[in-house]
Every structure is written in C-alpha cells, then in structure tokens.
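> The structure follows.
The values are calculated or read from the model by the stated rules, or taken from the named source; none is laboratory data. The shown structure was predicted, so the numbers you read here are calculated from the model rather than taken from an experiment. For neighbour counting, all protein chains shown are included, and Cβ atoms are generated from backbone atoms with ideal geometry for every residue, glycine included. Just so you know, the surface numbers come from the protein's heavy atoms only, side chains and all, with ligands and any DNA or RNA stripped out. Shrake-Rupley method; radii C 1.70, N 1.55, O 1.52, S 1.80 Å.
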Amino acid sequence: MQKAELLTIIEKMSPKEKVDQLLQLSADFYTDDAEDRTGPMETLDINETTIANAGTILGVSGAEKAMGIQKNYIENNSHKIPTMFMADIIHGFRTIFPIPLALGCTWSKEAVEEMASISALESSVSGLHLTFSPMLDLVRDPRWGRVMESTGEDPYLNSEFAKAMVTGYQGDDLKEDMSKVAACVKHFAAYGGAIGGRDYNTVDVSETTLREKYLPSYQAAIDAGAKLVMTAFNTIEGIPASGNKKLFRDVLRDEFNFKGPVISDWAAIKEMINHGVAADEKEAARLAIEAGVDIEMMTTCYDKHLLELIDEDPKYMDLLDEAVLRILELKNDLGLFENPYRGADPVKEKEVILSASHRESARKIAEKSMVLLENNGILPLSQETAIALVGPKATTGDLMGAWSWQGKFDEVVTIAKGLSAKGKNVTVASVESDLFENTTESLEEAKQLAKENEVVVLALGEADWMSGEAASRSDIRLPQSQIDLFNEVRAIAKKVIVVLINGRPLDLTAISEADGILEAWFPGTEGGNAVANILFGDVNPSGRLSMSFPENVGQVPVYYNTENTGRPYESAPDEKYVSKYLDVSNYAKYPFGYGLSFAKVAYEGIALNKETIDSSDETVEVTVTLHNQSEETTIETVQLYVRDLVGKTARPLKELKGFTQVALAGNERKEITLSLAVKDLAYVHPDLTWSVDPGEFHIMVGPNSRELDLVKTLVLK
Ligand code: GLC
C-alpha cells in the first residue's frame, strides 16, 4: 500500500479510532489460553469496541489462533485495518537456543544470526509479525536478573550482535519474505544501568557514558533497519524514558534518524505517575505523546485522555496522526494490508517447529556458547570413564532460562540424557536433589557415588526464575545447599567437574577446588547434548566470556574497560594510597573475553602495516601469528584491544575494537590479520561529539582482555 493510501485511511478515521490504534493489549483480551503474562495485570476499564480496535496485540501465537483473531479483527474494523501480533521471542520460539548472555559468549555473529533466523521462521509460521528482540542493554552488574537477556558488557561486541540479530530476524525484504519477522530494539535506554542491580531502579549515568557505552548497540540495530523501539522503565537524568523528549525526539529520531514507531514497555507510560513525574494519567499521556511514544502497552492513558488533550490543543491531533501513521507504516512494511495472515501457516507450523535441523542448530550454538572456566587436565573425559552425575540440575528440563517463549521442559535434552547417551559408564544419582535443599538420602547417595566412580560431574546452578525480569539477587553465590553438596563430594571424589546452569555471572569462590568448571549458562533445548559433547571432547570448547565474573559481589560493578584512575594500583601495588580493596583484588575472577579450550595457542609477533598514520588513513592492518601447540584442532577467538594513551576524557585501559575466530589444526601455525578501523579510535568528547584525536595508541592482541602481551604503539598524526 502506498503512503498516500495510508494517509487516506487516516483521514477517514475518527479520533477515537485513531486513539485505538495506539493501544496494545495482551493476549488475554483475545483468547482464553493466553501465554504467560509479562507484566503486572490490572483491570483496564475498556469496552468491547476498544478491544476490537486496539491497534496491536502482544503475546498471541499459534497460526490457527492468530488467523482467527485477525479474521475477526478485520471484519469488525471499519477501515479494514489489520492488527499486528508481537511477542517476546528472545532466544527461540519453541526450539530454544542459549540465553542471549550465552549467545554473547559465542563471539560468533553467524551463530547469532542463525539463531534469529530460525526464531523468526518458527514465529512467522505461528502467526507472529514482530519480536520484542534484540534486547541491547549493556550490562555490568550480575545482580540484575536481566543480564541473561543481554549479550554482555562491551559496546563493540554488543553492536556486532545487534546487527546480526536484526539481520537474522528481518532479512532484507520483510514484505515478501514470510520466514522473517520485524525486530524491536529494547530498552531505550540504559536499562542495564539500574543502581544496585535492582530491577526497575534508577539509572544515573553521565551523558558521556550513556553515549559511549550504552547507546552504540541500540544505534547499530537501528542502522541495521530495526522496525520498532521500546522504551525502558527507568529514568534517564531523572526523566522516565517514556516521557523523555530529549532521548526520543532529539537522540532517537533526530540523531539516529529512526523513522519507525516507538512502543512503551508494559505500563511504562502510566508508571510515570509512580515515578512522580506525572500527576495523573492525563499528564502521563501528554508527556508520552510529546516524547513521541506511539504505542501504549497495557495501560490506557492515551485511550482515556488523548481526546481531551486534543480538545484543549489541536497540536495533539497532529501528534496523534503522526503516531497512527507510523503504526500503519509498520503494518504496511510487513505487507499486512495485502496479506493480513502473512506467514501464518498451520501446516508449515507442524513441519518447521522443533524440527531436527533446528535442534541441531540449537545444539551447535549451545556448544559454541559454553565457556570452559577451569580444567586441570581432567577434561576431556574418555567415554569409558566411570562417571557419577549428581546435583539438582542433572535431570531437570530447566535448562532453557527466562524468556523461553513456547519452550517446554519435556522437550529439553537433560544433562543426564546427554551424558548417558555418550558415556559408556555413567551413573545418574537416583535420588532427586533440590536446588535449595539436600536430604540425607541425596547426600548419602552422592557420597557413595563419589567413592565408586572415577569422576563426579556435579550439575549445579539456578532455576530459570532466578534470572530474567524482576529477578535481581543481592547474593550471587550458588545456593548454600549446593556449596554443601560440592564440599561433601569434593572431600571424597577423585575428580570433580562442575557444570553450571545459570543466568548471570556468579561468585564461584566456593567451588574453586573443582578439577574442571564448565559454564553452560541456560543452554536451551539441546543443552544436555551440548554439555556431553564438550565433556567427552567431541567438541573443543570455544566460548569466551562476554561479561566479567567477579571474585565476589562486593567488587560489583566489575568490568574490563576501566579507567586507570589517578592512583592506579598497578603502578604501586605496595602503596597505601592507591585504588584498591583491602580484602579482594581489583580484578574479575574470570575476565571479559576469557575461556579455555582443550588446545594451547601461543600468540607470536605483532606487526602493523603502518605504525604512523594520519587522518587520510581508514584502517590499520594488525598481523599476528598463532601457534596451536597441541594436537587438538581448535577455534581461537583472537581479540584486538586499543588504548588511547591521552584523551580529553580519561580513556579506558583497553577497549575491544576487533575480533576474529580462527580454526587451527593440531600444531598449526597461522598468520592472521585484523583490520582496525581508524574511525573506531573515536570517543565521546566533552562536547558530546564523537571524534578521533591525534596521539599515541597501544594496539594489543590476545586471547582475552587480560592476556595482552602483544602490544604495538600506533601514532596518529
Ligand atoms: C516486559 C519487558 C519487555 C517485554 C514486554 C512485553 O515487561 O520489560 O522486555 O518485551 O514486557 O512482554
């Protein structure tokens, strides 16, 4: 449909019909078997006409269901405007992939794009038109439950994944490609900066930090063509995002040139009253429509008060028309006017959902996402090894994590199932153990199994509800019962390997005596097979952390790209007056970019194609030689970091500016070159603009953000 036709429809719409298009209602209003709700439910005193004309619907999926609702909707809509179905497909629709924090540990844009593409296909055949993904909130605080939903702590890496997800979800022709769905960037902005890691709490960051650390990933997704942006719950500079004109009109629309609609998060417009920034719902409606929030999710400030505002000032009719046009344009981008049922296909739904090929993809991506944190040589295991599998995560289907849309526990390959299918001598503890409580029986059996077997694999971690939204934790250790179980087993067992199922970086001090620690995150539907393939060495682990693991929660926030401070500990470690703690190091237990494999790769020699450049140069080629000193084939994630030695603001000691994954055969030496874009040396100056200063830069290459022995100085004239 041409834009002129859309404008004609808008002209014919009554003001109330226009206001109805701005309302998004949950599935509960349209079907009696609604999926899980994702926000606080309150009674919305709206009538059947409003329900029938609400512009978009969240949380409905299933081809038959969606088609039935759409048919009914269009029949009742006086302008034959189709509705639009949106839902939170965050890391899979029914085939569940590793949580996004684990996807961040793959360091594979291809893997993340594949995840998004499969998620889009399963969503589209089920009648969905848009996913509320990617969530691109940069995270530095593992107390926050939604770190599981982010790809991590680094702006560059998050931006790379932002582009990969949008491409995977949307493809390059949303109108014609029925296997794709629209993507929604969230939560604009800086939701991950909640003070204390407490969900929905105040975010108080400088505009420099906001622009340099938090905004780049959202911008990357918008530049990649994301169709919708969702407001964050939090304030920025004291103003709730949903009423923040500077954030949405000046930054998102004028600077980022975003033309699509903005949707509020669940009830976020009305919650400006709780924030104390709106006296009532009418004020909330005014602030939001002036900020350019087009869709109100699950509250009715617009429904109740926009017409009043229009009566008082005609400028609000212009704002309303602007919002309706953006919503209809989004529906038009999806081809819904011509084909309101779009990709919904009950037959295809049965073929593609949870197909063998999707499961295989989920398994391979889970294998890439797992991070080997410790290995004293115990891994990989032989299939003949006598293994006891113990612990509360051993036999459970709770391996998918929060936001696992239609994933079902009984469709998950458990760790017990995966290990038993591959190992020839695996004994699984028969006494069920609880996440938070050991019983005499479960402990006795664990100790007995430890005596009888060569290796104990302890499957420990969190339940899915312990991370995700509204799931912040002040204590990021394993539950005490699991620490007790570890200690009991450690005291007896010959060898102990811990497999962790969790949605956040944890304080792992209590299990530091393990012979091996595999961070498996919430690995998804194929988690058990992925764990087994790594433990038995069929897959050489290649995951690298995308978020730092602190020594303890007292260090938080701990992240790799820190400033040097005026009294850096490194320059005078014995000095009193330096930046340090009296009781713990300054450094993460496991730093950003860290991960072991079964191989040992040496980094030899670093060279730049130019050691002095000027503003006419666009790239610098950085060449290193890798030497796989083992027989194992391996995938090495080579990381390129930069330090700007002097800036107008204090520059981080290191910033990721490039990476590549290199396959190495046993004993292979390979020279590789990374291309550093000179524009990536830019940073946000005190006047809040991005630019590159002449000066000296350290160019560093290594396997993680801590082991950066290869350094070259680059001079920019
Ligand atoms: C939730 C989440 C948001 C989600 C929305 C719809 O409150 O904050 O990420 O997309 O509601 O479910």
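> Count the lysine pairs in region 599-716 whose Cα atoms sit under 28 Å apart, keeping only pairs 8 or more residues apart in sequence or on different chains.
Final tally of qualifying lysine pairs is 22.
> Using θ = phi - 60° and the Karplus form 6.51 cos²θ - 1.76 cosθ + 1.60, what ³J(HN,Hα) does each residue of region 8-18 get, whole Hz, x for Gly and Pro?
Each residue's phi maps through the Karplus curve to give 5, 4, 4, 4, 7, 6, 6, x, 5, 5, 5 Hz.
> Please sort 50-56, 182-188, 101-107, 437-443 by packing, taking for each peptide the average over its residues of neighbouring beta carbons within 10 angstrom, highest first. Write down the numbers at each step before the final one.
Details: 50-56: 21.1, 182-188: 26.7, 101-107: 29.0, 437-443: 15.0.
Taking the mean over residues of other Cβ atoms within 10 Å, the ranking is 101-107, 182-188, 50-56, 437-443.
> Scan region 187-291 for trypsin sites (Lys or Arg not before Pro) in coil per DSSP, keeping those whose Cβ has at most 12 other Cβ atoms within 10 Å, and list them by number.
On the way: sites: 198, 211, 213, 227, 245, 246, 249, 253, 259, 270, 282, 286; in loops: 198, 227, 259.
Within region 187-291, the qualifying trypsin sites (Lys or Arg not before Pro) (loop, at most 12 other Cβ atoms within 10 Å) are 259.
> Tabulate in residue order the Karplus-calculated ³J(HN,Hα) for region 120-132, using 6.51 cos²θ - 1.76 cosθ + 1.60 with θ = phi - 60°, rounded to whole Hz; enter x for Gly and Pro.
For region 120-132, the Karplus-derived couplings read 5, 4, 5, 6, 5, 5, 8, x, 7, 10, 8, 10, 7 Hz, x marking Gly and Pro.
> Going 7 Å from the Cα of residue 195 along its beta-carbon direction, which residues of region 268-282 have the amide nitrogen within less than 15 Å of the resulting point?
Those under the cut-off are 275-276.
> Of all beta bridges DSSP finds with both residues in the chain, what is the antiparallel percent, to the nearest 5? Spell out each step's value before the answer.
Numbers: 49 of 88 bridges.
Antiparallel bridges make up about 55 percent of those DSSP assigns within the chain.
> Is it possible to state the helix-based mean residue ellipticity at 222 nm for the chain, with each DSSP H run of 4+ residues giving -39500 (n - 2.57), the sum divided by total residues, to the nearest 500 deg cm²/dmol? What is it? Could you put the intermediate results ahead of the total?
Working: 17 runs with 190 residues, N = 717.
It comes out at -8000 deg cm²/dmol, rounded to the nearest 500.
> Right, something else. If you take every DSSP beta bridge fully contained in region 360-555, what fraction is antiparallel? Give it as a percent rounded to 5.
Working: 4 of 23 bridges.
Taking every DSSP beta bridge within region 360-555, about 15 percent pair in antiparallel fashion.
> Of the chymotrypsin sites (Phe, Trp or Tyr not before Pro) in region 519-599, which ones lie in a loop per DSSP and count no more than 16 other C-beta atoms within 10 Å? It would help to have the intermediate numbers written out before the result.
Numbers: sites: 521, 536, 559, 560, 569, 577, 581, 587, 592, 594, 598; in loops: 521, 536, 559, 560, 577, 581, 587, 592, 594, 598.
Of the chymotrypsin sites (Phe, Trp or Tyr not before Pro), the ones in loops of region 519-599 whose Cβ has at most 16 other Cβ atoms within 10 Å are 577, 581, 587.
> Quote to one decimal, in nm, the extra length available between residue 16 and residue 673 on full extension: 0.36 nm per residue of separation minus the C-alpha distance between them.
Working: separation 657, 0.36 × 657 = 236.52 nm, distance 6.00 nm.
Contour length minus the Cα-Cα distance gives 230.5 nm.
> Scan region 132-241 for GluC sites (Glu not before Pro) in coil per DSSP, keeping those whose Cβ has at most 11 other Cβ atoms within 10 Å, and list them by number.
Working: sites: 149, 153, 160, 176, 207, 212, 237; in loops: 153, 176, 237.
Passing sites in region 132-241 are 176.
> Determine the share of the chain's accessible area contributed by carbon and sulfur atoms, expressed in whole percent, with a 1.4 angstrom probe. Please list the in-between numbers first.
Details: 12380 of 25830 Å².
Carbon and sulfur: 48 percent of the exposed surface of the chain.
> Which FRET efficiency value, to the nearest 0.05, do you get for residue 448 and residue 202 by plugging their Cβ-Cβ distance into 1/(1 + (r/R0)^6) with R0 = 45 Å?
Values: r = 51 Å, r/R0 = 1.14.
Efficiency computed from Cβ-Cβ geometry: 0.30.
> Ok, one more. Tell me, Kirkwood radius of the chain from alpha-carbon pair distances, in Å? Mind showing how you got there, number by number?
Values: mean 1/r = 0.0375 Å⁻¹.
For the chain, inverting the mean 1/r across all distinct Cα pairs yields 26.7 Å.
> Computed FRET efficiency, Cβ-Cβ of residue 509 and residue 629, R0 30 Å: what is it to the nearest 0.05?
Working: r = 31 Å, r/R0 = 1.02.
According to the calculation, E is roughly 0.45.
> Separate question: Report the convex hull volume per residue for region 252-368, counting only C-alpha atoms, in Å³.
Values: hull volume 22.0 nm³, N = 117.
Dividing the Cα hull volume of region 252-368 by its residues yields 188 Å³.
> Below 8 Å between Cα atoms, with a sequence gap of 6+, how large is the relative contact order for region 599-716 in percent?
Details: 279 pairs, mean separation 36.8, N = 118.
Across region 599-716, relative contact order equals 31 percent.
> Provide the per-residue ³J(HN,Hα) series for region 473-489, in order, calculated from phi with Karplus coefficients 6.51, -1.76, 1.60 and θ = phi - 60°, each as a whole number of Hz, with x at glycine and proline positions.
Couplings: 10, 7, 10, 9, 8, 5, x, 3, 4, 6, 5, 4, 4, 4, 4, 4, 6 Hz.
> Can you tell me, using C-alpha contacts under 8 Å and at least 6 residues apart, the relative contact order of the chain as a whole percent? Intermediate results must be reported in sequence, preceding the final value.
On the way: 1775 pairs, mean separation 96.3, N = 717.
Computed over the chain, the figure is 13 percent.
> Equivalent-ellipsoid semi-axes (√(5λ), Cα gyration tensor) for region 360-555, whole Å, largest first?
Equivalent ellipsoid semi-axes, largest first: 22, 20, 17 Å.
> Can you tell me, using C-alpha contacts under 8 Å and at least 6 residues apart, the relative contact order of region 277-425 as a whole percent?
Dividing the mean separation by the residue count of region 277-425 yields 15 percent.
> Long-range amide H contacts for residue 388: which residues qualify at under 5 Å (H placed 1.01 Å from N, peptide plane, sequence gap of 5 or more or a different chain)?
Residues meeting the amide H criterion: 427, 455, 456, 457.
> Now for a separate question. Provide the per residue accessible area, probe 1.4 Å, for the chain, rounded to a whole number of square angstrom.
Numbers: 25830 Å² over 717 residues.
Heavy-atom SASA per residue in the chain reads 36 Å².
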